[in-house]
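To start, the structure under review is shown below, and the notes come after it.
Read the figures in this text as sums done on the coordinates, not as results from a lab. These numbers come from a predicted model, not from an experiment. Cβ sites come from the backbone with ideal geometry, for glycine too, and all protein chains shown count toward neighbours.
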Amino acid sequence: MAATEPIRSREQVCAFINHYRDKGQVRNWVLTTMGVFSALRISDILRLSCDDVYSFQSGSVRIRNTISLKEQKTEKCKRVALNKEVIKALKAYMPEARPGKPLILNPRTGKAISRIQAYRLIQSAAEAVGIEGKVSCHSLRKTFGYHAWKNGVSPAVIMEIYNHSSLAVTRRYLGVSQSDMNEVYLGMEFNLPQKSTAS
């Protein structure tokens, strides 16, 4: 079985995130946006309640700047800053937000959607925008790290964000491809002075 891959193309990441936005499916837009920009496992995203991301006070609703949670897998406490893309999706979702309700709600059950439902939504968006390779729920978490690394973020910082036990685990996680390495080789230039041909 092929390993789960990050979405490497920036254009495809944008198309993937905007797929459900453009279809007017705001809950699913929140799911894909949170998946790519929070670096959280899908199990932790599905455990978020509206109260984790919204503040409900005196009849008004406000989006929190950060969310705090305990990771299900590691049981470590984590604090995640919400970037402008996540906040944009959460703002559109605000009319649906209800205190005490799961953020990624299945309206038929009143509970969060299942991991299988999340997988199907992610697969559907990936296929719709022409992403090839093995894309799963975990691809979104890997996509965060891959693009953070491509933007120059130190793998040591990414390791801390992921709560990984070692840098070696993070290196495997980043899914560095041969084309990534070729880009580094070809980008290594020093603009060396040319030898003068004048006699």
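Quick notes
- You can think of it this way: the chain between Gln72 and Gln123 has 16.0 nm of extra reach, that is 0.36 nm per residue less the Cα-Cα gap.
- Taking Phe144, Phe190, Phe56 and counting other C-beta atoms within 10 Å, the order from fewest to most: Phe190, Phe56, Phe144
- Note on Met34, Met159: ascending count of other Cβ atoms within 10 Å places them as Met159, Met34, the fewest first.
- Separation in nanometres of the label points that stand 7 Å from Cα toward Cβ, at Glu85 and Asn65: 2.1
- Shown is the FRET efficiency for Arg171 and Asn151, computed with R0 = 22 Å from the Cβ-Cβ distance and rounded to the nearest 0.05: 0.85.
- Residue exposure sequence - Thr32, Thr4, Thr66 - by fewest surrounding Cβ within 10 Å: Thr66, Thr4, Thr32
- Computed FRET value (nearest 0.05) for Val184 with Met94, which takes r as the C-beta separation and R₀ as 41 Å: 0.45
- GluC sites (Glu not before Pro) restricted to region 88-153 and DSSP loop, no more than 11 other C-beta within 10 Å: Glu132
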